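Notes follow once the structure below has been shown.
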Amino acid sequence: MSEYDVIVIGGGPAGYPAAIRAGQNKLKVACIDEWVNKDGSYAFGGTCLNAGCIPSKAMLESSELVHRAQHEFATHGIKVGEVSVDLAAMQKRRAGIVKASTQGISALFKAAGVTGLQGHGKLLKGNKVEYTNKDGKKEELTAKHVILASGSSPTELKSLPFDGKQIVDSWGALEFDAVPKRLGVIGAGIIGLELGSVWRRLGSEVVVLEALDTFLPAADGAVSKEALKHFKKLGLDIRLGAKVSGADKSASGVKLKYTDGKGEQTVEVDKVVVAIGRRPFTKDLLGDGTGVQIDERGFIKVDHDCKTGVDNVWAVGDVVRGPMLAHKGKEEGVMVADLIAGKIAEVNYKTIPSVIYTHPEIAWVGQTEEEAKKSGRAYKVGSFPFLASGRARAMESTAGFVKVVAAQDDDEILGVHIIGPMAGELIAEAVLAMEYSASTEDLQRTIHAHPTLSEAVHEAALNADKIAIDFPNR
Ligand code: FAD
Ligand code: AMP
């Protein structure tokens, strides 16, 4: 029987960093992962590297370049003739990026002394782990600590089950081998909007059906409003208050049925991406009597430190409460590996950034203006449009703005909301500022290089006190 200090079940962005940090902490660690790609190959990296964050960003980048070549190059004085898409080459690039990223994990494991085990892991009573390898051979492993990081899987619409051809999940939608003429996207969440943007830019007519009446309710109201405008301009046919209830499939396409304020409606498409959210994945993860508890929504119950309540059993990432984001899982994994090693560690759940990698990009951290208003604490707001940024103008990317929400009493930054170029990169400054409980004055006194997009963050902080320089204060 092999004995470890730590066994991590799941090698996605929550599990693999936990294993690496445990290795860095000189603990004997194994990471078990069962991810199998469509070609039958095993790969570490979980949803994020194989079917989520990385391939979606590869396709967003490629499709954005197509869009810019078609619609923006001429403005720069660049003549390219007719732009066409070689989807096979684009998909090959996407697959290559995924492969390089997942293979990189094996190298990282080696460097940190982590034993990577490919196959299924199951927690047994008494903190033992049953490991079933690729060939079906079972082995019982023991560990002082077990970290559960089994992730999540796409939610299926009961009335519209995935068939891998006409009705696909987000993974399927990243690997289409032809541009669908008409694409239906169910759910206007982050994943639905990113995938809708990719295929719209590559030429599909895209209709997005969203059950809620509000667009992007988690984002600041001003950002959602601005975002909706730009998605519509891109040509996404976004129908709010449209709850999909079923579909009729035929050889010629899919007739989606939905209900909106006016009653029953239908729309015909060739393919459908169901992007209505993800569910925690715990299938065959827990043996009898482990004591690990699952809540009513299927998440493994944990406390603030990711302890399950069973001695030395921890859980991190999408399988536990909190936003289903790779960086949230990563920080939890690293925190747990440090706590196991007796170090001080914690995750600051108040400063987890959210990013939507569309064009314009959208990113935020902390409280929205609506949340600040609801809290009852007096607040002030500063904003700055990219239209007034020299760098944004030079980049031909002036859509959007930066908005800072701060406390009126002590000037603490409560939230920062960005829609515009490189929003996902710019938000890092706000996250760092909030991590240090910075005030708008701290941001105001910080020198930002000129001409950079980051000046928009600086100016928005100045505008919170109506002292912006590059835009009239109001
Ligand atoms: P997962 O990545 O799901 O990994 C869990 C791993 O555990 C899998 O490999 C699984 O096979 C394995 N496993 C499960 N059970 C067992 C078992 N019993 N034995 C062995 N192995 C097991 N997040 C972002 O932050 N940024 C983004 O840009 C982003 N884009 C996304 C785009 C798409 C299309 C999707 C679908 C998701 C995206 N996400 C993004 C979300 C992100 O992918 C998840 O939050 C992240 O992968 C969660 O990490 P995890 O390690 O908890 O779970
Ligand atoms: P997210 O949870 O952010 O991935 O977003 C998923 C989105 O799908 C949410 O905004 C849901 O309101 C939406 N949604 C869920 N079920 C349906 C449905 N049957 N029809 C249309 N939209 C849906």
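None of the figures in this text is laboratory data; all of them are computed from the coordinates on show. Bear in mind the structure is a predicted one, so any value in this text is a computation, not a measurement. Ideal geometry is used to build each Cβ from the backbone, glycine not excepted, and the neighbour counts take in all protein chains shown.
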Determine the gain in length on full extension of the stretch LYS137-ALA74; use 0.36 nm per residue of separation and subtract their C-alpha separation, reporting nm with one decimal. 16.6 nm
Want the number for ASP295 to GLU61: 0.36 nm per residue separation, take away the alpha-carbon distance, what's left? 80.5 nm
May I ask you to evaluate 6.51 cos²θ - 1.76 cosθ + 1.60, the Karplus curve with θ = phi - 60°, for each residue of the stretch 12-25 and list the ³J(HN,Hα) values in order in whole Hz, giving x for glycine and proline? x, x, 8, x, 5, x, 4, 5, 5, 5, 4, x, 4, 7
Scoring the stretch 266-372 by relative contact order with C-alpha pairs under 8 Å, at least six apart, yields a percentage of 14 percent
Looking only at aspartates and glutamates whose Cα falls under 15 Å of LYS380's and that sit 8 or more positions away or on another chain, we get ASP220, GLU369, GLU370, GLU371, ASP409, ASP410, ASP411, GLU412, GLU441, GLU459, ASP465
How big is the dipole moment of the stretch 266-358 about its Cα centre under a simple scheme where the beta carbon of each Lys and Arg is +1, that of each Asp and Glu is -1, and everything else is neutral? Debye, nearest 20, please. 200 debye
Please compute the length gained on full extension between ASP284 and ASP237, using 0.36 nm multiplied by the number of residues separating them and subtracting their Cα-Cα distance. 12.9 nm
With 31 Å as the limit, write out which pairs from LYS122/LYS328; LYS229/LYS330; LYS28/LYS330 have Cα-Cα distances beyond it, or answer none. LYS229/LYS330
Placing one equal point scatterer on each C-alpha of the stretch 348-413 and summing with Debye, one gets log10 I(q)/I(0) at q = 0.15, 0.29 Å⁻¹ equal to -0.60, -1.22
Which of the lysines could a cross-linker bridge to LYS374, judged by Cα under 17 Å and excluding same-chain residues fewer than eight apart? LYS350
With a/c under 1.5 counting as rounded, go ahead and sort the chain into rounded, prolate or oblate using the C-alpha gyration tensor (a ≥ b ≥ c being the square roots of the eigenvalues; past the cut-off, prolate if a/b is larger than b/c, else oblate). oblate
Residue by residue through the stretch 373-383, the couplings from Karplus 6.51 cos²θ - 1.76 cosθ + 1.60 with θ = phi - 60°, in Hz, x for Gly and Pro, are 4, 5, 5, x, 7, 5, 9, 10, 10, x, 9
Given the C-alpha centroids of the stretch 81-136 and the stretch 296-326, what is the distance between them in whole angstrom? 23 Å
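For n ≥ 4 DSSP H runs only, could you compute -39500 (n - 2.57) per run for the chain, divide by its residues and tell me the 222 nm figure to the nearest 500?
-9500 deg cm²/dmol
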For ALA69, what charge total do you get from the other residues with a beta carbon under 14 Å from its beta carbon, if Lys and Arg give +1 and Asp and Glu give -1? -3
List the pairs from LYS38/LYS249; LYS99/LYS257; LYS138/LYS271; LYS257/LYS307 whose alpha-carbon separation is above 32 Å, in the order I gave them. LYS99/LYS257; LYS138/LYS271; LYS257/LYS307
May I ask you to list the GluC sites (Glu not before Pro) in the stretch 374-438 that are in a DSSP loop and have at most 16 other Cβ atoms within 10 Å of their Cβ? GLU396
Convert each backbone phi in the stretch 54-65 into a coupling constant with the Karplus relation 6.51 cos²θ - 1.76 cosθ + 1.60 (shift: θ = phi - 60°), then list the ³J(HN,Hα) values in order as whole Hz, x for Gly and Pro. 6, x, 5, 5, 4, 6, 5, 5, 4, 5, 5, 5
For VAL83, the residues 5 or more places away or on another chain with a placed amide H closer than 5 Å to its own amide H are none
Suppose a student asked you for the relative contact order of the chain, using Cα pairs under 8 Å spaced at least 6 residues apart; what percent would you report? 14 percent
Relative contact order of the stretch 299-455, please, whole-number percent, based on alpha carbon pairs below 8 angstrom and at least 6 residues apart. 18 percent
Can you compute the charge dipole magnitude of the chain about its Cα centre, using +1 on each Lys and Arg Cβ and -1 on each Asp and Glu Cβ, nothing else charged? Give it in debye, rounded to the nearest 20. 900 debye
